[in-house]
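The values are calculated or read from the model by the stated rules, or taken from the named source; none is laboratory data. As the structure is a prediction and not an experimental result, all values here were calculated from the model. Positions of Cβ are backbone-derived with ideal geometry, glycine not excepted, and every protein chain shown enters the neighbour counts. Only protein heavy atoms, including side chains, enter the accessible area calculation; ligands, DNA and RNA are left aside. Shrake-Rupley method; radii C 1.70, N 1.55, O 1.52, S 1.80 Å.
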Amino acid sequence: MRSDPTPGLPVVARFEIRRRGYIDEDGILVRPLPPKLSDPQSMIRLYRGMVLARTLDAKCVALTRQGRLGTYATAYGQEAVPIGVASAMRSSDVLVPSYRENAALLWRGVGVDEVLSYYAGSERGSNWGGPAHDFPTSITVGGHALHAAGAACAMQYRGEARAVVCVFGDAATSKGDVYEAFNLAGVWRLPVVFVITNNQWAISTPLAKQTASETLAQKGLAAGIAVEQADGNDVVAVHEAVRVGLDRARTGNGATLVEAVTYRLADHNTADDARRYRDPADVDAHVGAEPTGRVRRWLESVQAWSEARQSKLQATCTAVVEAGVEKLFAAERESPSAMFDHVYSEPSAELARQRDAGLRAIANERRAKRRG
Ligand SMILES: Cc1ncc(C[n+]2csc(CCOP(=O)(O)OP(=O)(O)O)c2C)c(N)n1
Ligand SMILES: [Mg+2]
């Protein structure tokens, strides 16, 4: 605590932040694995989820470079967060994701083609075959924390044994929306788990320029929320931290804030070039801690992995991604009016006016093109 108290004043409160971790960078256990994740098969599932996400991300960057997909933000080096989160959830729980949680969407049953549709500008990308109660991806930084608190409020009101998990970045924790969501979740003991993906960067702003807080987890303390930090490159640590939070939420014991500490190895997104503001040596210093290698090393140490299994897994993930890409581009093109269809159940007069004007303009343009 950065204070210089007058001597003799009594201490009225003390706080501490604990950090959770199981597998270190070398794949060595620093504490015993939780019972449900201690068998290699369940670790292989988590590993597969992360490798699939990385494969999808690499493909999406390539498609963007070819002009076939819109701007895309990868989760390269951060895959343990969405997979740790999703693997701890039940399908009846509600995920309120930001734009780096595609791995969680896949885990929860959203198709590769559906994830891609979002970045291809189609409304189908938010109307998926995964849980219909999950929220669409929030590009708006931090605004969705309020929706998460609202959804948790509804669950509490109805007496349901479900919970909400809301994921956002380090920069989101400097926003009023997020503090307000924490406050409501604390005072009403809402069944919600907030997960901060602390990847050290907000586009070109490093964490130290964004907040003077020692940890981001402590931002929940003032709201009376249970908080902890997790090694965000350790999929087991993220999974357990979220699982404990979900148990707390479902048993009526209130909200949790998990700060998952990781590092953004890639550019912010495909419209960014991080070399303009970030020393590549900083990136190099974090590569060794990335989340997939350590799980692989652990699996190898218990003789549950081999080069052959790795090749097979990679081939499967590539095939899944390629099939999704094919499905995306084979799909019938959506009418431009679709972008207005899901704003309200009934369009307002102003929205209808905009839609009709837009459709008329497109029709005129097409007619003009035909005339040559
Ligand atoms: C409300 C709002 N303000 C600004 C932006 C522009 N913006 C997009 S991503 C981003 C940085 C977010 O950083 P962080 O929360 O750490 O998430 P990360 O991208 O690192 O995962 C900003 C400022 C936005 N999308 N929404
Ligand atoms: Mg960030």
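Note on segment 261-308: semi-axes of the ellipsoid equivalent to its C-alpha gyration tensor, largest first and rounded to whole Å, are 30, 11, 8. For LYS175, the aspartates and glutamates whose Cα comes closer than 18 Å to its Cα, not counting residues fewer than 8 places off in the same chain, are GLU214, GLU259.
Against the empirical 2.2 N^0.38 Å scaling, what ratio does the C-alpha Rg of segment 180-224 come to? Write down the numbers at each step before the final one.
Working: Rg = 12.4 Å, N = 45, 2.2 N^0.38 = 9.3 Å.
For segment 180-224, the normalised Cα radius of gyration is 1.32.
Within segment 78-237, antiparallel bridges make up roughly 15 percent of the DSSP beta bridges whose residues both belong there.
Based on alpha carbons, the Rg and Dmax found for segment 285-354 are 22.8, 64 Å.
In the calculated pair distance distribution of segment 200-289, what percentage of Cα-Cα distances lie above 17 Å?
Of all Cα-Cα distances in segment 200-289, 60 percent exceed 17 Å.
The distance from the alpha carbon centre of segment 197-253 to that of segment 121-185 is 15 Å, rounded to a whole number. Applied to segment 55-70, the Karplus parametrisation 6.51 cos²θ - 1.76 cosθ + 1.60 on θ = phi - 60° returns per-residue 3J(HN,Hα) values of 5, 4, 4, 4, 5, 5, 4, 4, 5, 5, 4, 7, x, 9, 9, x Hz, with x for Gly and Pro. Per residue, the chain exposes 50 Å² of accessible surface when a 1.4 Å probe is rolled over the protein heavy atoms with every protein chain present.
Direction-averaged projected area, Cα convex hull, segment 68-111: 3.5 nm², rounded to one decimal.
Measuring only protein heavy atoms, the 1.4 Å probe finds GLU160 accessible over about 60 Å².
To the nearest µm²/s, what D does Stokes-Einstein give for the chain at 20 °C and 1.002 mPa s, using the Kirkwood radius over alpha carbon pairs as Rh? Walk me through the intermediate numbers first.
On the way: Rh = 22.0 Å.
Result for D is 97 µm²/s.
For segment 148-164, 3J(HN,Hα) computed residue by residue from phi via the Karplus equation (6.51, -1.76, 1.60; θ = phi - 60°) reads 5, 4, x, 5, 5, 4, 5, 5, 5, 4, 7, x, 8, 8, 10, 8, 10 Hz, glycine and proline entered as x.
Reported to the nearest whole Å, the Cα centre-to-centre distance from segment 294-369 to segment 61-107 is 12. Rounded to whole numbers, the Karplus 3J(HN,Hα) couplings from phi for segment 6-14 are 4, x, x, 6, x, 7, 9, 7, 10 Hz, using 6.51 cos²θ - 1.76 cosθ + 1.60 with θ = phi - 60°, and x at Gly and Pro.
Per residue, the chain reaches -14000 deg cm²/dmol at 222 nm when only DSSP H runs of four or more residues are counted, each adding -39500 (n - 2.57). Of the peptides 60-69, 233-242, the ranking by mean beta-carbon count within 10 Å, highest at the top, reads 233-242, 60-69.
Across the chain, the relative contact order, built from alpha-carbon pairs under 8 Å that are at least six residues apart, equals 23 percent.
Taking the longest Cα principal axis of the chain as reference, the axis of helix 349-371 is set at about 50 degrees.
On the protein heavy atoms, probe 1.4 angstrom, tell me the percent of accessible surface of the chain carried by carbon and sulfur.
Details: 9580 of 18500 Å².
Exposed carbon and sulfur together represent 52 percent of the surface.
Rolling a 1.4 Å probe across all protein chains gives GLU25 an accessible area of roughly 90 Å². Angle of helix 307-330 to the longest C-alpha principal axis of the chain, folded into 0 to 90 degrees and rounded to 10: 40°.
Mind checking the full-extension length gain between ARG367 and ILE17? Use 0.36 nm per residue of separation minus the Cα-Cα distance, one decimal, nm.
Details: separation 350, 0.36 × 350 = 126.00 nm, distance 6.39 nm.
Here the answer is 119.6 nm.
Binning the alpha carbon pair distances of segment 202-253 at 10 angstrom intervals from zero yields the distribution 21, 40, 32, 7, 0, expressed in whole percent. When the Cα convex hull of segment 112-253 is projected onto planes of every orientation, the mean area is 9.3 nm². Under a 5 Å amide H cut-off, with hydrogens placed 1.01 Å from N, SER138 pairs with SER98, TYR99 among residues at least 5 apart or on other chains.
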